[in-house]
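The structure under discussion appears below in the form of structure tokens.
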Amino acid sequence: MAVLSKIRQRSLLVIAIVGLSLFAFIIGALIENKGFGTGTRNAGTINGVDIPFEDFRIKVDNAQKSQQGVTMMQATNGVWEQEVRRVLLEGQYEKLGLRIGDDQLINLIKEDPQFAQNPQFLNAAGKFDKAKFNEFIGSIKNSSPERWQQWLAYEKSLSQFAVEQMYNTMVKSGFYTTQSEGKFNYELENNKVTFDLVSVPYSTIDDKKVELTNEEVLAYMKKNEKKYKAEESREIEFVLIEDKPSAEDEKAIKDKVNALMNSSVVYNATTGKNDTVAGFRNTTNVIDFVNTNSDIKYDSTYIAKKDLPVEHAEAIFNTPQGGTYGPYMFGDYYCISKSLGKKSAINAKASHILLSYKGAARSQATRTKEEAKAKAEELLAQLQANPGSFAMLAFTNSDDSSKQQGGDLGYFSKGQMTKNFENFVFGNPVGKIGLVETEFGYHIINVTDKQDGIRLATIAQKIIPSEATSDAVFTKATKFEMAANEKDFETAAKDNKLTIAPLAKVLALDENIQGIGNQREIVRWAFSAKEGEIKRFNTQAGSVVARLKKINEEGLMPIEDAKNAFGMKLRNEKKAKLIEVKMTGTTLEAVSKATGSPVKEAKDVAASGSFIETIGPEPKVVGTAFSLKTGVVSQTIAGNSGVFKIKVKSTVKAPAVKDYNEVASRVNSQSKGSAAGRVYGALRKNADIQDNRAEFN
């Protein structure tokens, strides 16, 4: 009774604390949002079109349900991109007056195999019957509101897809490549220039000799503001105090699992006597015993030795029926296993040579069925005389991709292969070679191995931190949080012998933090906290004490990030000036002597690739080569990899052709292929988008 009274007292205290906390939370939220319902209720606005939060949330929920393993933020971002695309394209459809009419919709539905091939919607002649279809839709509308809504959603998605295809077709129709453009591209690809060159790579000058100031970086960014604009971000430093099992915790789990092996004596309150409860070794109801005591339920599957824990495989597999093994560690679990018997040939291994023929399943062969059979019988005779040649004959004759492995299919179990193939492999001894016909053609099969399996009843209990260990982690994290608030974060970490993780930079919609994974709660906090603020978080890995080190507002990217983005380009521009001073001389030989760089030949270089062998792509250099007269030494050219001087030896123009339709057609096809993506990219770039996603996640 005393224990129950204490539990009740603690329960009342907890209820009171939760009630006060909930009240404080609600009031805080109201204050933050400046009252009841006055905050934004839109997930965003795209060119003046609001995306209501409730509609957006429902779509995100549906996306998460339909895509297994997708996180909330991944679903949110996917739906947001869909909404942006929908609004931008619908704006274009409206301007152009594009829409899908009822008759067009019916035609689209008729093309869907689930309707077009459904006998329910076909007439006596086997044609799609619109009246029968409309009768079906009417019955859904009248009998099932939920199915009716699903149908309307299907119609809407079908219409959206169709109108987008119509729009893309119109966009593509606007692209046309002329004969002149075809000729230009033909010459770009086929005109060749050969020239000598001297190049001094930028890497010959140490970066320390070309200082890059913050002022220079900032000036370059201001000239290219759109290119180097950065989103609002936060920089977080944190300490992770892992909540992991101690050595004592591991031993406690091992002892607990081991104790299940033997019978135990327990007091029976009903009879007032002690009862002996059977242990794992002598229980008569193994399955119930496992399901009662294990974190992983009983599995009746037979297991091959190769699939058992490596260190214990031999001992477990050789455990006699009814015998037990363990405890042993497997991953994060302590286990004990009981053998429930073995079964022969649960897996088999085989090699094959497939001879397919025209008309066989998935076949690209042109031979007839009769020719395939004759060839298979010929190969079978060779293999029966010389079984060692199987791999080579498979490589040179098989129509299956396994030919690359000499026909080896690896191990497989029953149900994985087509029936005739399976029957032969599992019905014949290892070493048997024979001929089998399946829907794929004729197979010459070599049975190479078989594996027996063991059925195990396994009790597995996860090795987790004890309450005492978790309490110690919580206490340590709390003390560190208090010390970090009183002292300097770095000093407090050093005093407590804790390691500060590398600085993490996050954007408003991020959810992952390197080292601790999905931590959306910490990201949200970072965007509401003040610089220097510290907070402790409970995570699956343990306690995280985080400090908001820096707030980066939207604008030009930070100087250090900018140096990483284009610092090399600015340094190379400075290096080019230093190199140009050295490249004196009116001949390449004189330039070579002055710089110590050899004269090299670039042979038959085309303008389209601008690729110089052993150097790489150099469009400025190749462009200059096509503009120079033969024998003339160029001025210095600051290229991608260094500074160049060149002298053209010869320019060969491609022979003229009767017409350039083939080239024009290829260029036109490439242009049309990327048209839809480029048009949407332009619409997205020029759209007025207000993104409020971060407020709801």
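Each reported figure results from applying straightforward, stated rules to the coordinates on display, with no laboratory input. Bear in mind that the values here come from a model prediction, so they are computed numbers and not experimental data. Don't worry about glycine lacking a Cβ; one is built from the backbone with ideal geometry, like all the others, and counts go over all protein chains shown.
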For the range 632-643, Karplus-derived ³J(HN,Hα) couplings (6.51, -1.76, 1.60; θ = phi - 60°; whole Hz; x for glycine and proline) come out as 8, 8, 6, 6, 5, 10, 7, x, 6, 9, x, 9
Pseudo-spin-label distance Met170 to Glu553, built 7 Å along Cα→Cβ, given in nm, is 4.3 nm
When Arg57, Arg99, Arg547 are ranked with the fewest other C-beta atoms within 10 Å first, the list becomes Arg99, Arg57, Arg547
The ³J(HN,Hα) series, computed from each phi in the range 69-83 with the Karplus coefficients 6.51, -1.76 and 1.60 at θ = phi - 60°, rounded to the nearest Hz and given as x for glycine or proline, is x, 7, 6, 4, 5, 4, 5, 4, 5, x, 5, 4, 4, 4, 5
Applied in sequence order to the range 364-373, the curve 6.51 cos²θ - 1.76 cosθ + 1.60 (Karplus, θ = phi - 60°) yields integer Hz couplings, x standing for Gly and Pro, of 10, 6, 10, 5, 7, 4, 5, 5, 4, 5
When the charge dipole of the chain is computed with +1 at the Cβ of Lys and Arg and -1 at the Cβ of Asp and Glu, the Cα pointing farthest to the positive end, of Ala259, Asn118, Ala372, is that of Ala372
Exposure proxy check on Val657, Val310, Val633: fewest-to-most Cβ neighbours within 10 Å is Val310, Val657, Val633
Per the charge dipole of the chain (beta-carbon charges, Lys/Arg positive, Asp/Glu negative, Cα centre), the residue among Ile463, Leu570, Phe289 reaching farthest to the positive end is Leu570
Ordered by number, the trypsin sites (Lys or Arg not before Pro) in the range 188-231 that occupy a DSSP loop and have at most 12 other Cβ atoms within 10 Å are Lys226, Lys227
The set of residues whose placed amide H lies less than 5 Å from the amide H of Ala345, leaving out same-chain residues fewer than 5 positions away, is Gln451, Asp452, Gly453
Amide H neighbours of Ile296 at under 5 Å, excluding residues fewer than 5 places away on the same chain, with H built from the backbone geometry, are Ala460
Shape call for the range 93-225, from the Cα gyration tensor axes a ≥ b ≥ c (a/c under 1.5 means rounded, otherwise prolate when a/b beats b/c, else oblate), comes out prolate
Between (1) 1.39; (2) 1.55; (3) 1.31, the structure-derived Cα Rg over 2.2 N^0.38 Å is (1)
Taking Cα pairs closer than 8 Å and at least 6 residues apart, the relative contact order of the range 245-464 in percent is 29 percent
If R0 = 56 Å, then Asp471 and Ile689, at their Cβ-Cβ distance, give a FRET efficiency to the nearest 0.05 of 0.70
Here the gain from full extension of Gln114 to Glu211, 0.36 nm per residue of separation minus their alpha-carbon distance, amounts to 28.1 nm
Rounded to whole angstrom, the alpha-carbon centroid of the range 391-430 lies from that of the range 131-197 at a distance of 42 Å
Rounded to 0.05, the calculated FRET efficiency for the beta carbons of Asn142 and Gln670 at R₀ = 51 Å is 0.50
FRET efficiency for Asp299 and Glu437 from the Cβ-Cβ distance with R0 = 41 Å, rounded to 0.05, comes out at 0.65
Treating only Lys and Arg (+1) and Asp and Glu (-1) as charged, each at its beta carbon, one finds that the range 245-464 has a dipole about its Cα centre, in Debye to the nearest 20, of 380 debye
Here the net charge surrounding Met170, from other residues whose Cβ is less than 13 Å away from its Cβ (Lys, Arg +1; Asp, Glu -1), is +2
Quick note, the range 98-173: a/c under 1.5 would make it rounded; otherwise a/b > b/c is prolate and the rest oblate (a ≥ b ≥ c, C-alpha gyration tensor); here it is oblate
One finds the C-alpha centres of the range 212-277 and the range 629-652 to be spaced, in Å, by 61 Å
For the range 98-173, averaging the sequence separation of alpha carbon pairs under 8 Å that lie six or more residues apart and dividing by its residue count, the contact order in percent is 32 percent
Yeah, the range 245-464 with a ≥ b ≥ c from its alpha-carbon gyration tensor (a/c under 1.5 is rounded, else prolate when a/b outruns b/c, oblate otherwise) is prolate
For Asp255, the net charge from surrounding residues (Cβ-Cβ under 14 Å; K, R +1; D, E -1) works out to 0
Per-residue ellipticity at 222 nm attributable to helices in the chain (runs of n ≥ 4 DSSP H, -39500 (n - 2.57) apiece, nearest 500 deg cm²/dmol) works out to -14500 deg cm²/dmol
Restricting to Cα pairs under 8 Å and 6 or more apart, the percent relative contact order of the chain works out to 23 percent
When the charge dipole of the range 88-224 is computed with +1 on Lys and Arg Cβ and -1 on Asp and Glu Cβ about the Cα centre, the Cα farthest towards its positive end, among Gly138, Val171, Ser159, belongs to Gly138
Interchain or sequence-distant (5+) residues whose placed amide H lies within less than 5 Å of the amide H of Leu556 are Ala230
